[in-house]
1. Separation between the ASP61 and THR111 pseudo-spin-labels, each 7 Å from Cα along Cα→Cβ, expressed in nm?
2. Quote to one decimal, in nm, the extra length available between CYS156 and ARG104 on full extension: 0.36 nm per residue of separation minus the C-alpha distance between them.
3. Using the Karplus equation 6.51 cos²θ - 1.76 cosθ + 1.60 (θ = phi - 60°), what ³J(HN,Hα) coupling, rounded to whole Hz, does each residue of the range 135-144 give in order, writing x for Gly and Pro?
4. List every residue whose amide H lies under 5 Å from the amide H of VAL94, counting only residues 5 or more places away in sequence or on a different chain, with H placed 1.01 Å from N in the peptide plane.
5. Taking 7 Å along the Cα-to-C-beta vector as the label spot, tell me the HIS35-LEU147 distance in nanometres, rounded to one decimal.
6. How much FRET efficiency would the formula 1/(1 + (r/R0)^6) give for ARG97 and HIS26, where r is the Cβ-Cβ distance and R0 is 30 Å, rounded to 0.05?
7. If Rh is defined by the Kirkwood formula over all Cα pairs and Rg also comes from Cα, what ratio Rg/Rh do you get for the range 18-115?
8. Which lysines does LYS83 reach when only Cα atoms under 25 Å apart count, and residues fewer than 8 places away in its own chain are ignored?
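Nothing in this text is a laboratory measurement; each read-out follows from the coordinates by a stated rule. Just so we're clear, the structure is a prediction, and the values are computed from it rather than from any experiment. Don't worry about glycine lacking a Cβ; one is built from the backbone with ideal geometry, like all the others, and counts go over all protein chains shown.
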Amino acid sequence: MTRATPAEDACTNALPTAALGGPVSHAVSRVARLHRIAAGKVLKGVDLYPGQELLMMHLWDRGAVRQTELIKAMELDPSTVTKMLQRLEQTGHVRRRPDPADRRAVLVEATDESCALHTAVKAAWGSLEEHTLAGLDPAERTELVRLLAKVEENLCRETEDCPDRRRAASA
């Protein structure tokens, strides 16, 4: 019979992972992962990968933007955004062209053909919202949004890396 090491003893007698001093953080992590999986399923129906809809929403809201600006707004690695743009360009949803104000810069814009995609993404996100909030009454939904906004504010303050704050500071 082999004897357990102190580390094995500590792990064997430990509380479940969710109770290691962070049950809320564990729950948020699980919910975020499942939400991304569910988003992937609804977006597959409109031939998009998760994240591409956010890129398109940015373009639909802002119009043509420099690719460097889009990379900053998406908060992703430049190679990831470039790959997303290549796929969206191949499907006819975005167009890239030289910026007339600076020929070294590239402008990215949603195409007229992406209008149908806009409608499909709106419907997909509506479906995701209803699936996500099923079983919650209107008051609970309102309270969840309020609480999540507080959690987001806490995380922004803690990380000093809140996108809304960076935008406000640069304005």
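1. 2.4
2. Gain in length upon complete extension: 15.3 nm.
3. Once θ is set to phi - 60°, the couplings for the range 135-144 become x, 9, 7, x, 5, 5, 5, 4, 5, 4 Hz.
4. HN-HN under 5 Å from VAL94: GLU89, THR111.
5. 1.3
6. Using R0 = 30 Å, I get an efficiency of 0.05.
7. Reported Rg/Rh, Kirkwood definition of Rh: 1.10.
8. Within the straight-line limit of under 25 Å, LYS83 reaches these lysines: LYS41, LYS44, LYS72, LYS122.
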